[in-house]
Every structure is written in C-alpha cells, then in structure tokens.
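Participant: Questions regarding the structure given below will be posed in turn.
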Amino acid sequence: QTKEKKQCYFCTNNRIIIDYKDAETIKKFMSTQAKIYPRRKSGLCAKHQRGVSEAAKRARYLGLIKYTNR
C-alpha cells in the first residue's frame, strides 16, 4: 500500500509567513489535546512544520492558544 503524500498547506496556498497571531490556522495542525501534530500527520514540509511549531509555542506563551485542553 502506498499512500499519496499530503501537499503542504502553506506551499499550496502561497502563504510565506506563518503568523503566531492567527490562532485558527495554527489550531489546524494541533490535536484536541493541544499537541502539535508531527510532520507525517500534518502533511507540512520541513520548513513550514518548523514555522508552525514556533508560532504555536509563541501563541501559547502569549495566551492565544491553550497549553492543554482538559
């Protein structure tokens, strides 16, 4: 079985900058427990995966996204 690789969300939509203030976009790449999805699950390229993880951590610190979801 060979699954097709997902296309990177940011590359396909021509979005260069991942904004930490855009919590809704960042939440697309997080689980219901507020964990950041790994690359194989999110389907992002390496460059954008690093950007999403950095943006998510920054948004958590500023209180825009919760650390956990209890």
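Participant: How much solvent-accessible surface does THR32 expose, in Å² to the nearest 10, with a 1.4 Å probe and all protein chains in place?
Facilitator: 100 Å²
Participant: Extension gain TYR61-ILE17, at 0.36 nm per residue separation less the Cα-Cα distance, in nm?
Facilitator: 13.9 nm
Participant: Another question about this same structure. For the chain, what % of the accessible area comes from carbon and sulfur atoms, probe 1.4 Å?
Facilitator: Values: 2820 of 5710 Å².
Its accessible area is 49 percent carbon and sulfur atoms.
Participant: Taking a probe of 1.4 angstrom, what is the accessible area of CYS45 in Å², to the nearest 10?
Facilitator: 40 Å²
Participant: In vacuo Debye scattering of the chain, one point per C-alpha: log10 I(q)/I(0) at q = 0.13, 0.27 Å⁻¹?
Facilitator: Values, matching the q order: -0.36, -1.28.
Participant: Determine the per residue accessible area of the chain with all protein chains present and a 1.4 angstrom probe, expressed in square angstrom.
Facilitator: Working: 5710 Å² over 70 residues.
Accessible area per residue: 82 Å².
Participant: To continue, here is another question. As I understand it, the value is the acute angle between the Cα axis of helix 46-62 and the longest principal axis of the Cα atoms of the chain; what does it come to in degrees, rounded to 10?
Facilitator: 10 degrees
Participant: Here's a follow-up. So how exposed is SER53, as accessible area in Å² (1.4 Å probe, rounded to 10)?
Facilitator: Its heavy atoms expose roughly 30 Å² to the probe.
Participant: Here's something else I'd like to know. Around LYS47, with a cut-off of 14 angstrom between Cβ atoms, what is the net charge of the other residues, counting Lys and Arg +1 and Asp and Glu -1?
Facilitator: Result for the neighbourhood of LYS47: +2.
The values are calculated or read from the model by the stated rules, or taken from the named source; none is laboratory data. All of these numbers come straight from a predicted model, not from anything done at the bench. All Cβ positions, glycine included, derive from the backbone under ideal geometry; neighbour counts span all protein chains shown. Protein only, heavy atoms only, side chains kept; ligands, DNA and RNA dropped before computing areas. Shrake-Rupley method; radii C 1.70, N 1.55, O 1.52, S 1.80 Å.
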